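Read the structure below first, then the notes.
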């Protein structure tokens, strides 16, 4: 059997010895525990520890930010075992292991007959291309080909859902009965089995143009089925949302309605290979509110060869961190001649020239355009999210952006300066997590007018809840005396898609401990009761009941300020600042105040590490191109999450992860603030920061829940999107056009080119 080393950049491949893709025709990947490079040792340093004193005669180099603290150590092969044993005894070392060889059967590629033509997936130099100028799809498939669970909205000209390479991957609305003329699921649309046609206002989103079918094939054509081509995901659920008609034109109202449908019906990502209109407040609001639901909006950068920094191109230029704008490259790693670009407005590039994919009536055609580049990125984002369902939408996006292949042609042309590499994006993420069948409570935030008064609890669930199943009888609250406190109401937060509920009761101010119990007879939309302990059995009592306690008491707060600031934040680097708390204080509430000057807030990730090693992410690349954190306070009780705030950040925000994970622990010791600049071109300074430690106001301990952070990726929020409306200029409606280049292959009749910047097309 012919084998080859699986290429891994920045960090070594982490593949399970038992990982198997037998269900899709792959042999198991092999992690040979007996074959290793005798001159290499991989050493992981504990986060809180400095690098060890390396033995003499060794060479050590870090392996990059993907696995922070991981070092590749080169040694004399004859001394490898001795040195490794010594490193394992060093208290600063988390682990030291051989650099095992990982191999994959070079012949184990999908059996789709046209796979060899998909240079964007696997570039072998075909048609004069540059070897490996691709997204490393086979390497990604060695980790996962998709489980079939992820719903991806294709907002376009529809999909030929009968196509033999797509039919198995078409989303089906199981709550709707086909052909009965009744809105069975009461979502406002009758007989919407596969999606909806907003161009013709009917329930049949069949593609009569070809564009939507083409992008769908790149996202998720069925792989290894002996037919046609393979998508980035071999198994997925494609939701057909048609708002562009047979000629490739549509309206703002149709786009808004389609996005609304996508979010409300569970699509976590949408592919948007279109444009042509100017700025629309309606669409801007829809995308912003989709962001609140954790929805990722992937958009084509445009085909005018223009700079999106200077001339905005919508929807790619809407300034929200759930929008990912995509440029196109060719098979030789060059920015496509037609592709738009933007050093601060376009995130990355993907293959977009001579892309073979599915077209209607069982055919296949080759198209050019940023439209063709965009679905490569959509598929990659979906694959990462599937492997890490607990990640936020921004963590998923950041993973894909952090793992691009840097290209000379893209330096100064995109934010990352690189081309998509899905193989690197999923490397080390392992096999898809198995989600428990029932919901669980992720967090329970105290509500009240002050720290010493409580009149409610905000519950965040892991998925949407059937509101009818969650009543006051499912919650009990006892006070310091042990007496039950009546629950007055249990109501969903309207903008949460039934993932967040407010439990209300009479105002409580008596000092002492309060205990709340929730469930387990609280059901998700599929009727599954709670599975708080995440085992194989739902609705067990009390095992699947959520329990949390709160302590109300009189107290005072103490402020501790940094003494080593200001500190310059290096471009693309990181700094640390420390506060030493000498008092042995029991933490019941912790707030953090932050003052940073920086000209591009989205570059920054700020974390706080407690004396016990607990790492809390305060902010992770928020605020877009805005400037500064001005006296920003991170407070679990703040009304606004940092993810929903806007730069310049000023006032109080809930952090990315809850501060209350340190409640009940001692504040004594060294607290470390780390500010990391994760992109080039902008710099700033950490001016000051402080800790405000409350002496015993609120203490929350999680009983049977191990998590205190919410998962915005799981929200489905129909009410988040404004009602569809037509936005128009004084003399006509805005028309949207496809993000396909006018350089399309002659094998397919040309479609109207995308206009980016999106100029107005009049009826």
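Please grab the % of Cα pairs in the stretch 601-646 that end up more than 18 Å from each other. It works out to 31 percent of all Cα pairs. Computing FRET efficiency as 1/(1 + (r/R0)^6) for residue 597 and residue 279, where r is the C-beta to C-beta distance and R0 is 30 Å, gives about 0.55.
The stretch between residue 612 and residue 411, if pulled fully straight at 0.36 nm per residue, gains 68.2 nm over its current Cα-Cα span. The distance separating the Cα centre of the stretch 377-432 from that of the stretch 140-179 comes to 22 Å. Counted by neighbouring Cβ atoms within 10 Å, the residues 478, 609, 218 run from fewest to most as 478, 609, 218.
Put in line by how crowded their Cβ is, counting other Cβ atoms within 10 Å and starting with the fewest, 270, 488, 652 read 488, 652, 270. Remark: 657, 471 ranked as 471, 657, counting other beta-carbon atoms within 10 Å and listing the fewest first.
Normalising by the residue count of the stretch 441-553, find the relative contact order in percent from Cα pairs under 8 Å and 6+ residues apart.
27
So, R0 is 30 Å and r is the distance between the beta-carbons of residue 185 and residue 639; what FRET efficiency does that work out to, to 0.05? The computed FRET efficiency comes out at 0.35. Using a cutoff of 8 angstrom between alpha carbon atoms and counting only pairs six or more residues apart, the relative contact order for the stretch 467-615 works out to 15 percent.
What percent do you get for the relative contact order of the stretch 557-696 when only Cα pairs under 8 Å and 6+ apart count? Reported relative contact order: 44 percent. Based on alpha-carbon centroids, what's the gap between the stretch 473-518 and the stretch 196-238 in Å, whole number please? Cα centroid to Cα centroid, the span is 46 Å.
Throughout, read-outs are computed from the coordinates displayed, never taken from laboratory work. Not measured: the values here are computed from a predicted model. Virtual Cβ from ideal backbone geometry, glycine too; neighbours counted across all protein chains shown.
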